[in-house]
Every structure is written in structure tokens, then in C-alpha cells.
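First comes the structure, then the notes that go with it.
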Amino acid sequence: MDAIARDIAFDTLLDDIQFRSFAYFLGATNVGNGLVADSSRPGSPASIAAVGLALSIWPVGVERNWMGRAAAAARTLTALRFLWRAPQGPEPDASGYKGFFYHFLDMETGRRAWKSELSTIDTALLMAGVLAAARYFDRDDEAEAEIRNLADALYRRVDWRWALDGGATVSHGWRPERGFLRYRWEGYNEALILYILGLGSPSFPLPPESYRAWLSTLRWRRVYGQELLYAGPLFVHQLSHLWIDFRGIADEFMRARRFDYFENSRAAVYLQRDYAIRNPKGFRGYHAEGWGFSAGDGPGPSRRTVAGVRQRFYGYAARGVPYGPDDGTLSPWAAVASLPFAPQIVEPLVRHYHRSGTGEGERCRFTASFNPTWAGMDDADPGWVSPALVGVNQGPVVLMIENHRSGFPWRLMREAPAIVAGLRRAGFTGGWL
């Protein structure tokens, strides 16, 4: 990459980053059934969350002139038809049950893979994409009408009440071998969108009491002098925001604190940058333009001595700050997906990685996790770089860059009846709502 290329306009740089992440879905989709591989690793099963992200980014591709509307509609229709016809039932090799889908599906057959759980959160992310497709493909032609009909049928089929398992809050999931998982969606987490979609259901809606029960588990904290609804990994502060514009709208919890979830995410992003500047563990590559801590792969699990210090390195982990886990692994894709919250500190990070050459190549560090501490004291060694790209990392990059640039995904979903109904039943008021 030459010197001129390193100084390209920021909007041009965003074009490049956004399209690279969009291209992941072009290559990772089975065009015969619309399923999307969880990662670029050979033999990877489909992730239903990645399918939901694909359904959400095809409209972005059309608006950015990366693909034609007819091609996007065809891909969308293929996926929705397959999801609607995929076997639903209590059998352990079905695709789903009660309208929910298993976390991972076989890329060819669509049957349950890896003995995974029937995932409530991943089904919610899938349904967000289903509803985005229904909103975008609004023309009066046969294909787009079928998209809307299938999307409505898929959303109506999800039995959110069943997922309560007799409790006030929603279960993480269910397995045919053992029943419901013992964990529930409580505490601040990515399930904000799950509760909103569940409340907005026209067929099996969650009762408003379930949202109040979730709110009762939230804890306000002070970290580095900033008060916020704390969660360590960045993805928690991003996923619900891919589709919902939380600027200026607030539920009972946030109104009491004169805050909103968008401002909360902004505070969390600044906390991440501040932690990297403090760098309490002395990891390489941490500074004001080097941060991004979220769920993702790492170089471990292992222990090794680096610069005379015995360090523990993790494999896949939900890395968070300031309370960990932290092993020197950075996920700049998570920082890039924070662009709408804090462009003043994300733009310098993007430029830093670009100018240092870490944005080059198919496995560029904009969109893959890396760990420079793994290199030890060898300045010429870039350290560990993830050998795979992951769909649930790539999708947020596309959608949040677009929300920053044009607000298109947010505007699209403001008119989604399920989103509006869910927000209102949750007690949100103000702003665009």
C-alpha cells in the first residue's frame, strides 16, 4: 500500500472496510438455501444470527450499489422459503421448535448442528433481519410480496411465551435432550432486542411484566468516574443498536437517570479507550488509537512467558474492560462498529490501523481479532492474527458504518410495526417514537 493510499479520504476508507465485511456474506452464503456460515473456517455450520445479519445487509448492498435489487430479493426469498419449510419439532435433528431455531444449522440440510441449543437470542437476531427484509422489499410485485408474507409468518410463529418456561424472564434456550437451559436473560446484555421483539409479537407476545422483570435485574455502576449501565464486551452495547435507533428514547430505567441506551453505549466506548490508555496489564498495542474488546477468538488457551511475565491467553472469550477477561487480544471490528456512538475516537483508530498497514489483506485487522503481545519482544512479528472471519462480527461492521453514514438501517426499522409496538409496550417514550 503506497503513501497516497494511506492518506485516502475517510469516507473512501469506510467504503473499503464496509464492502470487505459485506463481501464476507457474499462468499459465505449457500445460494441454494440462503444459510450463512458462522465463520470462514472450512466446514463451518450456519449461524442463524449470521443469516439475520445477511437479511439486514442485502438492502444496504442495494443502496450502496454493490448488488441489484432483484439479486438481493432473490437471495432473501431463498432464505425465507428455506426457513419456513425447515422442519420444526421436538426431534433432536429438526431445524427448530416453537418458531425458534437452533443456534447452528448444517449448511446443506439446515438441520441442527453440533448438538447446539435452541437459541432465543440468536433467533431474535434472525427475526430482526427477517423484519428488516419485510420493511425494505415493499414493492408491488410477486417476489417482494412473498418476502413480506413469509417474513410475517416466520415472526408470528415464534412462541416467545413458551420461552419464559414458567418464569418472569426469558430462558437462554432449550435442548431436546434436557429441556430448558438454566440460565435466563437477566442483567444488562444483548437481550434488549429480544425483549422488544417478544413484546411486539402479534401472536405470542411476552407480557409487559417480563420486561419489568428484566429491568429489575439491571445495575447502574460508576467506572472510571463515569456512571453507566455496565457490560464489559462491546458487542453487548452494539447488537440491539444495529436495528433500533435508541437516540432520544428511553424506558423507565433510563428516564429515571436522564439517560438513554445510545448515550450509555457511547459511555461504554469511551471507557474502552480509557482502559487501553491506562493499559494496567502492560499489553502491546494498547493506546488511544488501539483498543476494541469484545467476544471473539484468541491465541489460546495457553500460558507462555512474555517479557519475563507469565501470561494466560484465552481462546474464544467475551473479553471486556476493565474487569476482564483481558489477554492482549484486540478486536478492532468492534471499535469500528462503534462508529455511530463515538466517531471522534473511532475515526483516529481506523486511520491508525490503516496507516500502520494492519488493514491490508483478506484477513485485515479491521475485521479480525489479533494479539500483538503474542509476539513477545519481536517488533517485526505482528503476533497472533485470527485465521478466520466471523459472520456475527462482519455484520455489525456493515450495519453500524451505514447507520453512521446515512442512518438507513435505523430509518428503515422505525416503521416496523413489531419494533414500534415492542418499544411502546416496554415503556419507551420520546424522540422519534
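Some notes on this structure:
- Residue in region 373-383 that is in a loop (DSSP other than H, G, I, E, B) and surrounded by 24 or more Cβ atoms within 10 Å (Cβ to Cβ) present: no
- Residue within region 172-189 that is in a helix (DSSP H, G or I) and out of contact with any Leu (no Cβ under 8 Å at 6 or more places or on another chain) present: no
- Unique residue being part of a loop (DSSP other than H, G, I, E, B), farther than 19 Å from Ser119 by Cβ, open to solvent by 20 Å² or more (accessible area, probe 1.4 Å) and not small (Gly, Ala, Ser) when the list is Asp152, Asp159, Asp138: Asp138
- The C-beta contact set for region 1-20 (first residue under 17 Å from Ile345 (Cα atoms) and at pLDDT below 90, second residue part of a loop (DSSP other than H, G, I, E, B) and open to solvent by 80 Å² or more (accessible area, probe 1.4 Å), distance under 6 angstrom, 6+ apart or interchain) is empty.
- Evaluating Gly324 against the criteria (1) in a helix (DSSP H, G or I); (2) touching a residue at least 60 places away in the same chain (Cβ under 8 Å); (3) out of contact with any helix residue (DSSP H, G or I) (no Cβ under 8 Å at 6 or more places or on another chain); (4) not basic (Lys, Arg) leaves one unmet condition, (1).
- Qualifying residues in region 40-49 (those that are more than 14 Å from the chain's Cα centre (by Cα) and buried (at least 19 other Cβ atoms within 10 Å of the Cβ)) - the one farthest from Arg81 (Cα to Cα): Ser40
- Condition broken by Tyr270, with the remaining ones in (1) among the aromatic types (Phe, Trp, Tyr); (2) over 30 Å from Arg424 (Cβ atoms); (3) crowded, with 23+ Cβ neighbours inside 10 Å satisfied: (3)
- Any hit, region 198-215, residues being in contact with a His (Cβ under 7 Å, 6 or more places away or on another chain) and either at pLDDT 95 or above or open to solvent by 50 Å² or more (accessible area, probe 1.4 Å) (or both): no
- For Ile8, the conditions (1) open to solvent by less than 60 Å² (accessible area, probe 1.4 Å); (2) part of a helix (DSSP H, G or I) all hold with the exception of (2).
- Taking the listed residues Ala288, Ala250, Ala256, Ala307, the one that is farther than 24 Å from Val392 by Cα, open to solvent by 50 Å² or more (accessible area, probe 1.4 Å), at pLDDT 95 or above and of a type in the set (A, V, I, L, M) is Ala256, with no other qualifying.
- Hits in region 137-192 (condition: aromatic (Phe, Trp, Tyr) and in contact with a strand residue (DSSP E or B) (Cβ under 6 Å, 6 or more places away or on another chain)): Trp174, Phe180, Tyr188
- For region 295-337, taking the residues that are among the hydroxyl-bearing types (Ser, Thr, Tyr) and touching a Gly at 6+ places or on another chain (Cβ under 8 Å), the one that is farthest from Ser39 (Cα to Cα) is identified as Tyr323.
- Qualifying residue in region 137-147 (condition: under 30 Å from Glu252 (Cα atoms), at pLDDT 95 or above and not small (Gly, Ala, Ser)): no
One line per residue, one yes/no per condition, for (1) at pLDDT 95 or above; (2) charged (D, E, K, R):
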{"position": "Phe341", "(1), (2)": "yes, no"}
{"position": "Trp374", "(1), (2)": "no, no"}
{"position": "Gly391", "(1), (2)": "yes, no"}
{"position": "Glu402", "(1), (2)": "yes, yes"}
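- In region 80-135, the residues that are open to solvent by less than 30 Å² (accessible area, probe 1.4 Å) and free of Cβ contacts under 8 Å to residues at least 12 places away in the same chain: Gly89
- Selection from region 277-313 of residues that are within 23 Å of Ala337 (Cα to Cα), out of contact with any Pro (no Cβ under 6 Å at 6 or more places or on another chain) and free of Cβ contacts under 8 Å to residues at least 60 places away in the same chain: Ile277, Arg278, Asn279, Tyr286, His287, Trp291
- Output for region 237-247, where each listed residue is part of a helix (DSSP H, G or I) and open to solvent by 10 Å² or more (accessible area, probe 1.4 Å): Leu239
The values are calculated or read from the model by the stated rules, or taken from the named source; none is laboratory data. Note that the structure is a prediction, hence the values are computed from the model and not measured. No Cβ is skipped: glycine too gets one built from the backbone with ideal geometry, and neighbour counts run over all protein chains shown. What goes into the accessible areas is simple: the full protein's heavy atoms, side chains included, and nothing from ligands, DNA or RNA. Shrake-Rupley method; radii C 1.70, N 1.55, O 1.52, S 1.80 Å.
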